[in-house]
Each structure stands twice: as C-alpha cells, then as structure tokens.
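The values are calculated or read from the model by the stated rules, or taken from the named source; none is laboratory data. It should be emphasised that the depicted structure is a prediction, and the values quoted were computed from it without experimental measurement. Here Cβ is always computed from backbone atoms with ideal geometry, including for glycine, and neighbour counts include all displayed protein chains. To get the accessible areas, we keep the full protein, side chains included, count just its heavy atoms, and leave off ligands, DNA and RNA. Shrake-Rupley method; radii C 1.70, N 1.55, O 1.52, S 1.80 Å.
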Amino acid sequence: MRLHKFLAAAGVASRRAAEKMIRQGRVKVNGETVTGMGVAIDPAADQVLVDGKKVALPAPDREYILLYKPAGFVTTMSDPYGRPTVRDLVRDAGVRVFPVGRLDMDTSGLLLLTNDGELANRLAHPSYGVEKEYLARVKGLPSPDVLKRLEGGVELEDGRTAPARVRLVKGGRQNSVLSLTIHEGRNRQVRRMLKAVGHPVTALKRVRYGPLTLSGLAEGEWRRLSRDEVAELSRPAGGDDGRKR
Ligand code: URA
C-alpha cells in the first residue's frame with residue numbers, strides 16, 4: 001500500500017496533506033525518515049510514525065453505524081423503563097455498538113454508533129470541534145437581532161455558549177425553521193439556547209455530524225460507514241489538511 005494512501009486511510013490527513021507531511025520529513029517507516037513519494041509499505045508488518053506517533057489502520061473488527069433516529073427512541077442500549085431504544089433500531093446489524101453522544105428522546109436525526117472507544121472519546125471532546133447541524137422548528141418568527149444573539153453566544157445556566165452558525169430557513173408568524181450549527185454538545189443545548197431567546201423548539205432534527213449527513217437514509221434506517229468516511233471522521237478539526245469542519 002502506498003504510504004500516503006495508508007496515512008489517509010488511518011485518518012491522519014487527506015492524501016494530499018499526507019504527501020506534504022512526507023515531504024516535510026515528518027514520517028518514519030521502520031525507524032527511517034521517508035521523504036520520497038511513491039514509497040510502498042505493508043500495513044501488517046511495517047511500523048509507521050508521524051511526528052513520532054504510531055499510526056495504524058482501524059482494527060478490522062471496528063464497527064461504525066450511522067442511524068437516522070426517529071423521535072420517541074431513547075439514546076441508550078438499555079432502558080430501565082422499557083422504552084424503545086436506539087438498540088432496537090440497530091439490532092439487525094448484529095454487532096455490539098454504543099452511541100457517540102446523545103440525542104434527546106424527542107429529537108430525531110443523525111446518530112453515530114460504534115465500538116471504537118478511542119474515536120468515540122475523541123469525537124465527544126469539545127476541542128475536537130465536530131460540527132453538528134440541527135434543523136429546529138420554533139415558535140414565532142426570530143428577528144435578525146435574535147439570530148445575531150444565537151450566533152454570538154447565549155447565556156445559559158451552565159455558561160455562555162460558543163459562537164454558532166445560524167440561518168433562518170423558513171420564516172412564519174406562527175412557526176419558523178432555523179438551521180443551527182454548533183460544535184459543543186451540552187445537554188439539551190439547542191432547545192435551551194432557543195428557549196433562552198424566546199423561541200421554544202417544537203421539533204428538532206440533527207442533519208449533519210462533521211462530514212456525515214442523512215442523505216439516502218429514511219427515518220429508522222441505518223447504514224455502515226465506508227472506510228473513507230471513518231478516515232475522514234478521524235481527522236482532527238483544523239488539522240493538517242487545512243479543511244474546516
Ligand atoms: N440539542 C438539544 O437540545 N437536543 C438534542 O438532542 C441535541 C442537541
């Protein structure tokens with residue numbers, strides 16, 4: 001396997017950025033710095049270090065499932081009250097996975113499930129900066145001033161929220177639809193932000209998680225991520241590939 005392809009598949013950087021890292025002398029194969037292009041490695045036998053850190057492909061037994069969660073399902077693998085859970089929805093995958101983060105019972109949309117604890121921990125960490133985009137149906141018509149407040153950060157009882165991207169998708173006197181992109185993941189954050197500015201949420205759906213969208217899935221359906229998608233998800237925000245998340 002070509003070295004830059006291996007680095008991309010391992011989630012270090014995009015192929016192009018991986019080539020640059022190689023040229024910069026940041027990559028060692030079996031203890032030797034490699035700067036030439038087109039070097040081939042054996043992922044099973046060769047040791048690859050980037051900036052002194054060992055790099056490996058995801059283990060073959062790792063599972064990554066993207067679920068379009070309907071409202072009315074609890075984000076847990078077992079509920080003491082016997083309510084419907086996301087486990088019921090992915091049971092036919094036949095693998096043991098657990099949710100990365102959480103959607104409220106009454107929130108629908110994109111939920112990632114995996115048995116890759118390391119990636120799950122990284123994704124859950126705010127410094128990783130995964131963007132989460134929500135469509136929120138709210139009461140009333142938020143004014144431009146309200147949209148600005150949401151963008152700048154809203155004071156909640158657990159502190160001010162980080163800047164968000166906000167767009168009025170559909171405005172109406174009774175109800176409106178907003179798109180909100182945040183990278184924090186506090187408990188019921190979107191609902192609390194919108195309530196704080198006087199426009200309570202009546203329906204909430206997560207439509208994007210980092211590079212992943214719901215495209216092609218119907219409510220209640222799931223699919224496995226491709227290797228490329230896992231690699232893309234593994235790249236840190238603002239990483240060396242220079243792309244924004
Ligand atoms: N924000 C919320 O309020 N609820 C969710 O489920 C996700 C984000």
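Structure above, values below:
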read-out	value
Residue list for segment 159-172, restricted to those being within 14 Å of Arg137 (Cβ to Cβ) and out of contact with any strand residue (DSSP E or B) (no Cβ under 9 Å at 6 or more places or on another chain)	Gly172
Residue among Thr75, Thr161 that alone is of a type in the set (S, T, N, Q), within 21 Å of Leu180 (Cβ to Cβ) and touching a Gly at 6+ places or on another chain (Cβ under 7 Å)	Thr161
For Met1: the one exception among (1) in contact with a Pro (Cβ under 9 Å, 6 or more places away or on another chain); (2) under 25 Å from Lys132 (Cβ atoms)	(2)
Flag for Ser78 being part of a helix (DSSP H, G or I) and either aliphatic (A, V, I, L, M) or closer than 30 Å to Val201 by Cα (or both)	no
Residue list for segment 127-148, restricted to those being closer than 11 Å to His199 by Cβ and of a type in the set (D, E, K, R)	Arg137, Lys139
Test set (1) open to solvent by less than 30 Å² (accessible area, probe 1.4 Å); (2) in a strand (DSSP E or B); (3) under 30 Å from Asp92 (Cβ atoms); (4) not hydroxyl-bearing (Ser, Thr, Tyr) - Leu135 fails condition number	(1)
Matching residues in segment 167-214 - criterion: being in a strand (DSSP E or B), away from the ligand (no atom under 13 Å from the Cβ) and of a type in the set (A, V, I, L, M, F, W, C)	Leu168, Val169, Val177, Leu212
Restricting segment 138-166 to residues that are open to solvent by less than 60 Å² (accessible area, probe 1.4 Å) and in a strand (DSSP E or B), the residue that is nearest to Thr202 (Cα to Cα)	Val138
Identity of the residue in segment 167-180, in contact with a helix residue (DSSP H, G or I) (Cβ under 9 Å, 6 or more places away or on another chain) and farther than 28 Å from Ala231 by Cα, that ends up most open to solvent (accessible area, probe 1.4 Å)	Arg167
Number of the condition not met by Gly140 [criteria: (1) assigned by TED's automatic domain parsing to the domain that holds Leu233; (2) small (Gly, Ala, Ser); (3) modelled with pLDDT of 90 or more]	(1)
Residue selected from segment 84-131 under the condition buried (at least 21 other Cβ atoms within 10 Å of the Cβ) and closer than 18 Å to Ser179 by Cα, by the criterion farthest from the ligand (Cβ to nearest atom)	Val130
Odd one out for Leu49 among (1) part of a strand (DSSP E or B); (2) open to solvent by 40 Å² or more (accessible area, probe 1.4 Å); (3) closer than 30 Å to Leu212 by Cα	(2)
Verdict on Phe73 being under 18 Å from the mean Cα position of the chain (by Cα) and not assigned by TED's automatic domain parsing to the domain that holds Thr202	no
Candidates Val50, Val39, Val27 - the one that is at pLDDT 95 or above, of a type outside the set (S, T, N, Q) and out of contact with any Phe, Trp or Tyr (no Cβ under 8 Å at 6 or more places or on another chain)	Val27
